[in-house]
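In what follows, a single structure is set out as structure tokens and then discussed.
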């Protein structure tokens with residue numbers, strides 16, 4: 001084979017490789033100046049499926065729902081950067097990851113088998129756990145302080161939800177609001193903080209140019 005022929009072959013292989021990369025890693029969603037790729041969506045599906053102990057679902061509906069979650073991640077991450085909210089260190093997930101691994105994959109072999117089955121790495125699991133912790137921290141700092149829960153709110157929730165459940169579980173036993181007050185307040189605060197997050201995400205979506213490339217979700 002001549003030198004010229006060799007170069008032509010190499011160029012053809014490189015072009016084929018580039019073309020293949022474009023096919024498997026296309027842009028799925030444009031979010032402001034950032035993008036979400038098809039490979040990123042697939043990776044998110046795999047990691048989430050392993051954490052939830054369910055088969056990975058690559059259907060069009062699943063990919064679209066995953067893309068929606070990733071758009072929200074992009075918006076929150078941008079807010080974290082702009083407003084300089086405190087974020088947890090990577091080491092913060094080590095204990096959570098250790099507990100997860102001990103409960104689900106107590107041996108190296110079982111973990112390696114699961115990672116191979118889902119096509120992901122330990123670092124990708126840790127990254128997902130770190131993101132979950134980061135989101136919780138963001139909600140805690142950004143939204144929970146503004147939430148107000150009144151005594152009337154606590155009483156209403158106790159009467160409608162807690163008291164009936166407690167009486168059904170322990171017939172004939174007295175049920176006191178004071179025994180559940182702190183738990184109810186924390187529950188209502190969490191729900192309302194989540195509602196504030198949803199409202200913020202809706203407003204932020206409206207202010208951000210977000211383009212779904214529908215052809216990749218067919």
Legend entry - Selection status of residue 66, crowded, with 18+ Cβ neighbours inside 10 Å, at pLDDT 95 or above and under 16 Å from residue 211 (Cβ atoms): no
Inset, instruction - Those residues that are part of a helix (DSSP H, G or I), touching a residue at least 60 places away in the same chain (Cβ under 8 Å) and over 16 Å from residue 25 (Cα atoms), I need them from segment 38-59; list them, please. - result: 47, 48, 49, 50, 51
Legend entry - Filter result for the condition that a residue is over 24 Å from residue 99 (Cα atoms) and either surrounded by 15 or more Cβ atoms within 10 Å (Cβ to Cβ) or touching a residue at least 12 places away in the same chain (Cβ under 8 Å) (or both), over 137, 144: 144
Legend entry - Residue check, residue 97 farther than 25 Å from residue 212 by Cα and either assigned to a helix (DSSP H, G or I) or within 13 Å of the chain's Cα centre (by Cα) (or both): yes
Legend entry - Qualifying helices (runs of 4 or more DSSP H) (wholly inside segment 118-218; at least 3 residues being within 26 Å of residue 42 (Cα to Cα), in contact with a helix residue (DSSP H, G or I) (Cβ under 7 Å, 6 or more places away or on another chain) and at pLDDT 95 or above): 122-142, 181-207
Legend entry - Qualifying positions in segment 195-212 - over 21 Å from residue 82 (Cα atoms) and touching a residue at least 40 places away in the same chain (Cβ under 8 Å): 211, 212
Inset, instruction - Any chance you could count how many residues in segment 70-94 are surrounded by 14 or more Cβ atoms within 10 Å (Cβ to Cβ) and part of a helix (DSSP H, G or I)? - result: 13
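The values are calculated or read from the model by the stated rules, or taken from the named source; none is laboratory data. Because the structure is predicted, anything quoted here is derived from the model rather than measured. No Cβ is skipped: glycine too gets one built from the backbone with ideal geometry, and neighbour counts run over all protein chains shown.
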